[in-house]
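The values are calculated or read from the model by the stated rules, or taken from the named source; none is laboratory data. Small disclaimer: the values here were computed from a predicted structure and weren't measured. When we count neighbours, we look across all protein chains shown, and the Cβ atoms used for this are built from the backbone with ideal geometry, even at glycine. All accessible areas refer to the heavy atoms of the entire protein, side chains included, with ligands and DNA or RNA removed. Shrake-Rupley method; radii C 1.70, N 1.55, O 1.52, S 1.80 Å.
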Amino acid sequence: MPALVLAYSGGLDTTTAITWLTKERGYDVIALNVDVGMSREQDVLEERGLAAGAARVIVVDAREEFLRHFAFPALAAGAVYQDAYPLATALARPLMARLLVDAAREEGAVAVAHGCTGKGNDQVRFDVGIRTLDPALAIVAPAREQAMSREAEIDYLREHGVAIAWETKGSFSIDENIWGRSVEAGALEDPWAEPPPSAFAWTRAPADAPADGVELTISFERGAPVAIDGEALAPVAIVERLNELGGEHGVGRVDHIEDRLVGIKSREIYEAPAAVALHAAHRALETMTLSRSQLRLKRQLAAEYAELIYDGLWFSAHHQDIAAYMASTQRHVSGETRLRLRQGAVTVTGRRAAASLYDRALATYDREDAFDQSSATGFIDIWGLQTRVQARRQLLDQMPGALHIASPAGAIGEGSP
Ligand code: ARG
């Protein structure tokens, strides 16, 4: 039988896919589990895969690579989709696509498969990644070809003699990795309804978190986090510790109406304590070390970067170009940010950097002031020159008083009771 490599999570959907790909499509299924952290099924995964008929189950610990080459570059870039989603799921897909392709080549497989449905972004990320890296591989997506309900999947497995005790689980669709937890569907489909407590697994409700909060210092080197409270830590340890600490203090909950690439608006809940805290800390350090123009352009490109990650275009020249700019901006982003995590809030309480652009002698209102205030009037004269000329020639003469309101269309809120 021809071999196929399946991206395997150990959950019901991809376990069913093993049996389906074997029985209905005649493949020898090699189940590849890419461990990007936080998987709940890790311990039973191999057993389940084999029970469902996999020829082999391979587990790859990709956590460090995921953080170093996917999550941390996105952090340094400030890539947050629609100002809300730190992109945990989206960042893991291109890594999984690459590892699928690598495994397919090693195993001499003719096809790869994933468990995505036909309504989401993940199918796009997998398919675009795989087809870009190896156009010769066929892609099979069982859940897209033949959607089955949870009950139907359990029945199907039972019919084929696969006896696995599936814990009853809620109606949420969940994807987790070390950078964050994504939750959709079920009770969340009503955008007016507050997410039920059962939607959350990593974070305490902010109101139940300790009133005192906690303070910590995060060190960065060239834009990447390297230590907590002065203790040098590897990427996985840093993110795990911040997930735990942040979760305890209710940090990192996001409730977002998100625009999927396929045009659907979707209600998404995220829990990403480490990502949210690290983005805040990193941004604070950049305010010290980047100029105003660098901050401005970088912010614009960050939105573009977030979108290309979200849209599944990781393996593109556009990405390489933006990544090169982002890496260049980080060469002086080394230093420390002090954060307070308290009842859901992340507050920056201090920042310092060796290459800081903050100059106290310039900023101070004390006697040590080094800023020459007399040069300000000449600067203002030239700065406002065009605005003054235009007002005199075009605005004041024709419509006296017109400058009192900014917009000829009237003020926002005008006319409401
Ligand atoms: N909306 C997010 C994204 O597109 C999360 C998707 C999560 N997937 C899932 N199976 N629940 O990246």
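Yes or no, residue by residue, for (1) assigned to a strand (DSSP E or B); (2) aromatic (Phe, Trp, Tyr); (3) over 19 Å from the mean Cα position of the chain (by Cα):
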site	(1), (2), (3)
Glu307	no, no, no
Phe315	no, yes, no
Ile322	no, no, no
Leu341	yes, no, yes
- Message: For the range 90-126, give me each residue that is in contact with a Leu (Cβ under 7 Å, 6 or more places away or on another chain) and assigned to a helix (DSSP H, G or I).
- Response: Ala97, Arg98, Leu99, Leu100, Val101, Ala103, Ala104, Val124
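So which residues in the range 1-26 are of a type outside the set (Gly, Ala, Ser), closer than 23 Å to Ala62 by Cβ and open to solvent by 20 Å² or more (accessible area, probe 1.4 Å)? Steps first, answer last, please.
Filtering the range 1-26 down to residues of a type outside the set (Gly, Ala, Ser) leaves 1-2, 4-6, 8, 12-16, 18-25.
Checking which are closer than 23 Å to Ala62 by Cβ leaves us with 4-6, 8, 12-15, 18, 21.
Once the filter is applied, which keeps residues that are of a type outside the set (Gly, Ala, Ser), closer than 23 Å to Ala62 by Cβ and open to solvent by 20 Å² or more (accessible area, probe 1.4 Å), the range 1-26 yields only Asp13.
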- Would you check which residues across the range 135-179 are within 27 Å of the chain's Cα centre (by Cα) and among the β-branched types (Val, Ile, Thr) and list them? Ile139, Val140, Ile174, Ile178
- Message: I need the full set of residues from the range 1-39 which are in a helix (DSSP H, G or I) and among the β-branched types (Val, Ile, Thr), in order please.
- Response: Thr14, Thr15, Thr16, Ile18, Thr19, Thr22
- of a type in the set (A, V, I, L, M) and open to solvent by less than 50 Å² (accessible area, probe 1.4 Å), is that true of Ala31? yes
- Criterion (free of Cβ contacts under 8 Å to residues at least 24 places away in the same chain and not aromatic (Phe, Trp, Tyr)) met by exactly one of Asp28, Asp83, Asp13: Asp83
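Residues to consider are Ala275, Ala227; find the one that is in contact with a strand residue (DSSP E or B) (Cβ under 6 Å, 6 or more places away or on another chain), farther than 17 Å from Thr329 by Cβ and assigned to a helix (DSSP H, G or I). Outline the logic, then answer.
On the way: Ala227 fails: assigned to a helix (DSSP H, G or I).
Of the residues listed, the single one that is in contact with a strand residue (DSSP E or B) (Cβ under 6 Å, 6 or more places away or on another chain), farther than 17 Å from Thr329 by Cβ and assigned to a helix (DSSP H, G or I) is Ala275.
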- Residues of the range 73-116 classified as over 11 Å from the mean Cα position of the chain (by Cα), surrounded by fewer than 24 Cβ atoms within 10 Å (Cβ to Cβ) and within 16 Å of the ligand (Cβ to nearest atom), total: 3
- Answer yes if at least one residue in the range 194-216 is surrounded by fewer than 17 Cβ atoms within 10 Å (Cβ to Cβ), touching a helix residue (DSSP H, G or I) at 6+ places or on another chain (Cβ under 9 Å) and part of a strand (DSSP E or B), and no otherwise. yes
- Residue, farthest from Asp190 (Cα to Cα), within the range 127-172, restricted to residues that are within 14 Å of the ligand (Cβ to nearest atom) and not in a helix (DSSP H, G or I): Ala141
- Message: Among the numbered criteria (1) farther than 20 Å from Thr217 by Cα; (2) out of contact with any helix residue (DSSP H, G or I) (no Cβ under 6 Å at 6 or more places or on another chain); (3) open to solvent by 60 Å² or more (accessible area, probe 1.4 Å); (4) among the small types (Gly, Ala, Ser), which one does Ala370 miss?
- Response: (2)
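With the structure loaded, tell me whether Gly26 is modelled with pLDDT under 95 and among the small types (Gly, Ala, Ser) or whether it fails that test. Before the answer, list the steps.
Working: modelled with pLDDT under 95: no; among the small types (Gly, Ala, Ser): yes.
Criteria not met by Gly26.
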- Query: So, of the residues in the range 248-266 that are more than 10 Å from the ligand (Cβ to nearest atom) and open to solvent by less than 40 Å² (accessible area, probe 1.4 Å), which turns out to be nearest to Thr117 (Cα to Cα)?
  - Reply: Val254
- Of the conditions (1) touching a residue at least 60 places away in the same chain (Cβ under 8 Å); (2) within 24 Å of the chain's Cα centre (by Cα); (3) more than 13 Å from the ligand (Cβ to nearest atom); (4) within 27 Å of Arg48 (Cα to Cα), Ser182 clears all except one; give me its number. (3)
- Query: Applying the selection to the range 185-194, what residues are within 14 Å of the ligand (Cβ to nearest atom), of a type outside the set (A, V, I, L, M) and in contact with a Lys or Arg (Cβ under 9 Å, 6 or more places away or on another chain)?
  - Reply: Glu189
- Across the range 271-305, the tally of residues that are touching an Asp or Glu at 6+ places or on another chain (Cβ under 9 Å), crowded, with 18+ Cβ neighbours inside 10 Å and among the hydrophobic types (A, V, I, L, M, F, W, C) stands at 3
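From the list Asp175, Asp155, Asp122, Asp127, which one is open to solvent by 30 Å² or more (accessible area, probe 1.4 Å) and out of contact with any helix residue (DSSP H, G or I) (no Cβ under 7 Å at 6 or more places or on another chain)?
Details: Asp175 fails: out of contact with any helix residue (DSSP H, G or I) (no Cβ under 7 Å at 6 or more places or on another chain); Asp122 fails: out of contact with any helix residue (DSSP H, G or I) (no Cβ under 7 Å at 6 or more places or on another chain); Asp127 fails: open to solvent by 30 Å² or more (accessible area, probe 1.4 Å).
Testing whether each residue is open to solvent by 30 Å² or more (accessible area, probe 1.4 Å) and out of contact with any helix residue (DSSP H, G or I) (no Cβ under 7 Å at 6 or more places or on another chain) leaves just Asp155.
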